Amino acid sequence: MALPIPEGKQIVVERNLRPSGFCMPSMEMATDHYSVGYVIMGDRKVIMPSESLIYHSGDVTLGMPYMYHRTVSNSDIPYDSYIIKFTPEFIKPFINQVEKKIFDELCGQRVFHFSDEFQIKIERIFFDMLEEYNKNSRYTEFVLQGMLYRLLITIWENKINNNVMINKSPLSKSIVDILYYIENNYYKKITLEKIAQMAHFSNSYFSRMFKLQMGISFTEYLNNVRVTQAKKMLIQTNKSIMEIAVDVGYCHGDYLSIQFKNKTGMTPSQFRNSLKK
C-alpha cells in the first residue's frame, strides 16, 4: 500500500526529482487518495496487472484509489514531476457540482497529452499549487480545492486523445497471483522455493520469469515490500525497530536495518527521527 495522506490533511502537493533509472521498488496501491501528476522531465512506464501505460515529459497522469501498479523508468533521463494527492471527500463537491461524467472520463483515460502551449499553462497551475501548499495558512486547503477544480477542467478541455501507448496484459496470471500473495503475507517466512512451488514452476524458471516481467529479482522485490511496510510502521506506530522487523518478516532488527539502509540510505532510526524534525 502506498504511503497515506498525513492525518488531518485532505491534499498534498509535492515536487519530486528522481535519478535516471529510478523505479518504484514494488507494486503499490493508494487506498485513501486520488493523484494527479505532471511530468516535467523524463519517461515512465506504469505496470498494472491487466495493462501497462507509457508517458513522457509534458504529460499529465491520474491515479485512482485501489489501482495496483508499479512505475519504472523508460529512458536514461532523470525523472522530475509534480504530484498532487487528494482524498475522495476533497473532490466530492467537484463531482456533485460540475459533472460526474467528466471526472469518470478523466479517471478512465489516466494519461493525457497536450499541445506545447497548454503544457506551459498546465505546468504553471501545478507550480502555483505547490507554492500555495507551502504557505500552509489556515486557508490553504480551501484555496487549493478551487485550484484543483480549475486544473481538472483545464485537463478535460484541452487534452489530446491520442498516442497513449497501452500494452494489454503485461503480467501473467501466475505473477499477479504471487504479487497479491506477497502483499498479504510479506510478514511470513517466504522463500523463492516455496513461491515457485505454489506457482507450479521450477526454481530457476520462476526466477527468470519473475525478473523478465517485473524487471527485478524475486528476493529484491520481497525485500522492497518489507521495507515499504516498515516505513509505514515507523510513521504510524511507536513500535521498536525489533518489533517492526518481526512484523514485516525479518528475524532480527539488524537485518531490517541493513535492508532499510540499502534501500533508503538511512537506518530505521534515522528515518523516524527525520520525520520528527
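Please go through the range 8-23 and pick out each residue that is over 29 Å from Phe90 (Cα atoms) and not hydrophobic (A, V, I, L, M, F, W, C).
Selection gives Pro19, Ser20, Gly21.
Can you tell me how many residues within the range 239-264 are of a type in the set (Asp, Glu) and farther than 16 Å from Leu222 by Cα?
Looking only at that region, the number is 2.
Give Tyr250, Tyr205, Tyr187, Tyr180 a once-over and let me know the one that is surrounded by fewer than 16 Cβ atoms within 10 Å (Cβ to Cβ) and either assigned by TED's automatic domain parsing to the domain that holds Arg70 or farther than 23 Å from Ser50 by Cα (or both). Quick ask: steps written out before the conclusion?
Working: Tyr250 fails: surrounded by fewer than 16 Cβ atoms within 10 Å (Cβ to Cβ); Tyr205 fails: either assigned by TED's automatic domain parsing to the domain that holds Arg70 or farther than 23 Å from Ser50 by Cα (or both); Tyr180 fails: either assigned by TED's automatic domain parsing to the domain that holds Arg70 or farther than 23 Å from Ser50 by Cα (or both).
Going through Tyr250, Tyr205, Tyr187, Tyr180 in turn, the sole match is Tyr187.
Please find, among Ile175, Ile120, Ile95, Ile125, the residue that is over 30 Å from Asn203 (Cβ atoms) and buried (at least 16 other Cβ atoms within 10 Å of the Cβ).
Answer to the selection: Ile125.
Being under 11 Å from the mean Cα position of the chain (by Cα) and over 29 Å from Val143 (Cα atoms) is the filter here; which residues of the range 2-31 pass it?
Cys23, Met24, Pro25, Ser26, Met27, Glu28
Can you confirm whether Met129 is in the same structural domain as Asp59 (by TED's automatic domain parsing), closer than 19 Å to Arg15 by Cα and in contact with a strand residue (DSSP E or B) (Cβ under 8 Å, 6 or more places away or on another chain)?
On the way: in the same structural domain as Asp59 (by TED's automatic domain parsing): yes; closer than 19 Å to Arg15 by Cα: yes; in contact with a strand residue (DSSP E or B) (Cβ under 8 Å, 6 or more places away or on another chain): yes.
So Met129 fits the description; yes.
Would you check if Thr61 is of a type in the set (Ser, Thr, Tyr) and in a strand (DSSP E or B)?
Numbers: of a type in the set (Ser, Thr, Tyr): yes; in a strand (DSSP E or B): yes.
When the stated conditions are applied, Thr61 passes them.
May I ask you to list pairs of residues, at least six apart or on different chains, whose Cβ atoms are under 6 Å apart, with the first in the range 4-28 being acidic (Asp, Glu) and the second being in a strand (DSSP E or B)?
Glu14/Ile83
Could you list, in sequence order, the residues of the range 178-203 that are in a helix (DSSP H, G or I) and over 30 Å from Glu243 (Cβ atoms)?
Ala196, Gln197, Asn203
The values are calculated or read from the model by the stated rules, or taken from the named source; none is laboratory data. Note that the structure is a prediction, hence the values are computed from the model and not measured. Cβ sites come from the backbone with ideal geometry, for glycine too, and all protein chains shown count toward neighbours.
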